[in-house]
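Please read the structure below before turning to the comments.
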Amino acid sequence: MEVNTPWITYYRYDHPTLDHEEFDLYSDVFVEENKGVVSMDLILPDDLLERILSYLPIASIFRAGCVCRKWHEIVTSKRFCLIALEQKPWYFMFTSTEEPAGYAYDPTLRKWYGIDLPYFVTSSWFITSSSGLVCFMNNDNRNELHVYNPITKCCKSLIEPPGLKLSDYSALAISVDKVSQAYNISVVKSKQVPENFYQWDLSVHIYDSETMMWVTLLTEVLTGWRGGDESVICNGFLYFLIYATGGSITDGRQRHGLVRYNLSSRSSRSFLLMNNFIPVPCSLTCGRLMNLKERLVMVGGIGKQDRSDIIKGIGIWVLNGKEWQEIARMPQKFFQGFGEFDDVFASSGTDDLVYIQSYGAPALLVFDMNHKQWKWSQKCPVTKRFPLQLFTGFCFEPRLEIDP
């Protein structure tokens, strides 16, 4: 795939942190110079022109801002950022495990854009997103958190969360209120009780962007189960996966389970996590949780009946109450299209799209929940440079109006 000339010069959105920075566009389409175009400025009132521009994909909005001074003023105004239509979620894929760079896939235009993340972020960090904001947490000591808008490049560092300094497992989630633009961030920490493999300390911590403070909601000791790295906030509840420890799965239990915690209660009194335990729909090799329009969706690797740790397919389920409803199973032609598929894989989504990616290749598969349709993305510019190279990424909504 050839590299075209720089797609757009990134310009200011009234944020002091934004500077001129170039993104690269990867496309097989060459734009020809139009001749004899009549300017819409001459025939359309400003409010109608503003409304028309608001229907453009976000990449085209950036282009429109380079047409003339008037269009630039329109698309960079705060009013326009508020009325611009919500875009389909993009998927960012890292180019390597050591660099904060990669390519973001736009499913509307079916194009990849070169984007750089903050200099400190790598693919090993914990990453979660909601309504245009992406939250990063470092994987070393897990006390450094940042909230970031990949489109406006506005970033905010958070104070260190409370609880265990060095947890064995951590799960990160963020939820943004689209009206107030306030957000909550949750960190679920899990650490083995010393000299007791079957008991694990688990704690839940919540950050409130309005108070700019952390609160510890829950501390509990689990027996036979531990926390992991998968969680999501959905419709006022925090959901996170727990995992059977040691030989505890030999008694017939599955390797995974789901726990639900009501964030509105904000109290740990008389609350036991296992009273809110929800079994998974089948034996899973791994599970990925996501919030799609306030519906809890899980993408899971389906294990073989006689070898639950070996993947035979991938399913998608929606949680209704405490019951799972299967939405789709990946057709074998797509499953085999990944080549050798590990028992664990990357998957994230929002709105109506679910992205699925194998750690062993840059292929990206998209599932549309509305149309129940599977489709490969356009070929990603990321290439495999050595046999053991790992690929991963995350989904986010491209938004102009929201800041951390």
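Values in this text are rule-based calculations from the coordinates and carry no lab data. Bear in mind that the values here come from a model prediction, so they are computed numbers and not experimental data. Glycine also receives a Cβ, built like all others from the backbone with ideal geometry; neighbour counts cover every protein chain displayed.
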*Mind running the shape call on segment 247-378? Use the C-alpha gyration tensor, a ≥ b ≥ c as the square roots of the eigenvalues: rounded below 1.5 for a/c, prolate if a/b tops b/c, oblate otherwise.*
oblate
*Please check the chain for the longest run free of chymotrypsin sites (Phe, Trp or Tyr not before Pro) that are loop-located per DSSP (anything but H, G, I, E, B) and have at most 16 other Cβ atoms within 10 Å.*
121-270
*Hand me the trypsin sites (Lys or Arg not before Pro) from segment 46-79 located in a DSSP loop with no more than 11 other Cβ atoms within 10 Å, in residue order please.*
none
*So, in segment 142-295, how many Lys pairs have Cα atoms under 23 Å apart, if the pair is 8 or more places apart or on different chains?*
7
*Tell me, what HN-Hα J-couplings in whole Hz come from the Karplus equation 6.51 cos²θ - 1.76 cosθ + 1.60 at θ = phi - 60° for each residue of segment 86-101, using x for Gly and Pro?*
5, 9, 5, x, 9, 10, 9, 10, 5, 7, 7, 7, 10, 10, x, 10
*In segment 320-363, GluC sites (Glu not before Pro) in a DSSP loop with at most 16 other beta-carbon atoms within 10 Å*: 340
_Cα shape, segment 121-191, gyration tensor, a/c 1.5 rule_ = prolate
*Under 5 Å between amide H atoms, partner at least 5 residues away or on a different chain: which partners does residue 280 have, H built in plane at 1.01 Å?*
258
*Sites residue 47 and residue 235, calculated FRET efficiency, Cβ-Cβ separation with R0 51 Å, nearest 0.05*: 0.90
_Rg/Rh (Cα only; Kirkwood hydrodynamic radius) as it applies to segment 114-234_ = 0.99
*So which lysines can residue 333 reach, going by Cα to Cα under 19 Å and dropping same-chain residues fewer than 8 places off?*
304, 312, 372, 375, 379
_I need the calculated FRET efficiency for the pair residue 83 and residue 307, taking r as the beta carbon distance and R₀ as 56 Å, to the nearest 0.05._
0.55
*asked:* Once you place label points 7 Å from the Cα toward the Cβ at residue 325 and residue 69, how far apart are they in nm?
replied: 5.6 nm
*Size of charge dipole - the chain - debye, nearest 20, with Cβ of Lys, Arg +1 and Asp, Glu -1, no other charges*: 920 debye
*Along the charge dipole of the chain, Cβ charges K/R +1 and D/E -1, which of 282, 107, 57 sits furthest on the positive end?*
282
*asked:* Based on the alpha-carbon set only, what is the convex hull volume of segment 50-198 divided per residue, in Å³?
replied: 142 Å³
_Under the Karplus curve 6.51 cos²θ - 1.76 cosθ + 1.60, θ = phi - 60°, whole-Hz ³J(HN,Hα) for segment 282-291, x wherever Gly or Pro sits_ = 6, 5, 10, 7, 6, x, 10, 9, 8, 9
*Please report, for the Cα atoms of segment 285-337, the Rg to one decimal and the Dmax as a whole number; what are they, in angstrom?*
11.9, 36
_Within the chain, helix-based [θ] at 222 nm, where runs of 4 or more DSSP H residues each add -39,500 (n - 2.57), nearest 500_ = -2000 deg cm²/dmol
*Could you tell me which of 154, 222, 172 has its Cα farthest along the dipole of segment 147-263 towards the positive end, charges placed at Cβ (Lys, Arg +1; Asp, Glu -1), taken about the Cα centre?*
154
*Over the chain, relative contact order from alpha-carbon pairs under 8 Å, at least 6 apart, %*: 14 percent
*residue 295 paired with residue 108, simple spin-label distance in nm, labels 7 Å along Cα-to-beta-carbon*: 2.2 nm
